[in-house]
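To keep things clear, I will list the structure first and then write my remarks on it.
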């Protein structure tokens, strides 16, 4: 199985994933997806269709592709959950107290929000580029029950993985088509995130300026 070569870092990564699947089969796709959780720039939107393409060629079955990639998602998510649990609420609050423009209350509000909506955040977060990896960290910070985190991660990952693995399986050599739509979704998420961070920074700078202008 060969990937298109344009000399980019993405092509290098795809080639490495393809080689891994060629050597050890479906477990290679699972390993690649676990790594994608830990290193979000690795594109699951490329890895998963490649696993589907390999399944369509008979390198392994479609069921194996879905099972191993979903298992990889769960393993990677639990590794990040562990980082969040190690970080803990106490360390996070201490860090916020030392970071300019951040308040300890920001952490408390975020934790309170996650306590109310954490289940939905973990499930749907698994279907949003970038956040699909990062959502595991706050789950670990608040110590969401591991069984619940595991089930929600499994369910959300199964939906996401099935869409992209099936796309690769059905599109075959034309699997690149799915990249166009995945890229649009990723750009929307990035723009939304940048806008949100920008709004937060502007608001905090204004608050700080107002307090200095009116110390009373």
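The values are calculated or read from the model by the stated rules, or taken from the named source; none is laboratory data. Everything numeric here is computed off the predicted structure, so don't read it as measured data. Don't worry about glycine lacking a Cβ; one is built from the backbone with ideal geometry, like all the others, and counts go over all protein chains shown.
List of remarks:
- Test: residue 147 is in a helix (DSSP H, G or I), loosely packed, with under 15 Cβ neighbours inside 10 Å and modelled with pLDDT of 90 or more: yes
Residue by residue, here is whether (1) modelled with pLDDT of 65 or more; (2) over 22 Å from residue 43 (Cβ atoms); (3) out of contact with any helix residue (DSSP H, G or I) (no Cβ under 7 Å at 6 or more places or on another chain) holds:
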| residue | (1), (2), (3) |
| --- | --- |
| 132 | yes, no, no |
| 142 | yes, yes, no |
| 154 | yes, no, no |
| 177 | yes, no, no |
| 181 | no, no, yes |
| 200 | no, yes, yes |
| 209 | yes, yes, yes |
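- Region 106-130 residues that are touching a residue at least 40 places away in the same chain (Cβ under 8 Å), paired with ones that are part of a helix (DSSP H, G or I) and surrounded by fewer than 18 Cβ atoms within 10 Å (Cβ to Cβ) (beta carbon under 7 Å, 6 or more apart): 128/189; 129/185; 129/186; 129/189; 130/189
- In region 94-127, the residues that are at pLDDT 80 or above, surrounded by fewer than 19 Cβ atoms within 10 Å (Cβ to Cβ) and not in a helix (DSSP H, G or I): 127
- Condition check for residue 173: modelled with pLDDT under 85, closer than 30 Å to residue 57 by Cα and assigned to a helix (DSSP H, G or I): yes
- Residue match in region 129-141 (condition: surrounded by fewer than 17 Cβ atoms within 10 Å (Cβ to Cβ) and not in a helix (DSSP H, G or I)): yes
- Region 24-40 residues that are modelled with pLDDT under 90, paired with ones that are surrounded by fewer than 24 Cβ atoms within 10 Å (Cβ to Cβ) and assigned to a loop (DSSP other than H, G, I, E, B) (beta carbon under 7 Å, 6 or more apart): 25/59; 25/60; 26/60; 35/42; 36/42; 40/130
- Here residue 71 fulfils each of the conditions (1) at pLDDT 90 or above; (2) surrounded by fewer than 18 Cβ atoms within 10 Å (Cβ to Cβ); (3) within 21 Å of residue 160 (Cβ to Cβ) apart from (2).
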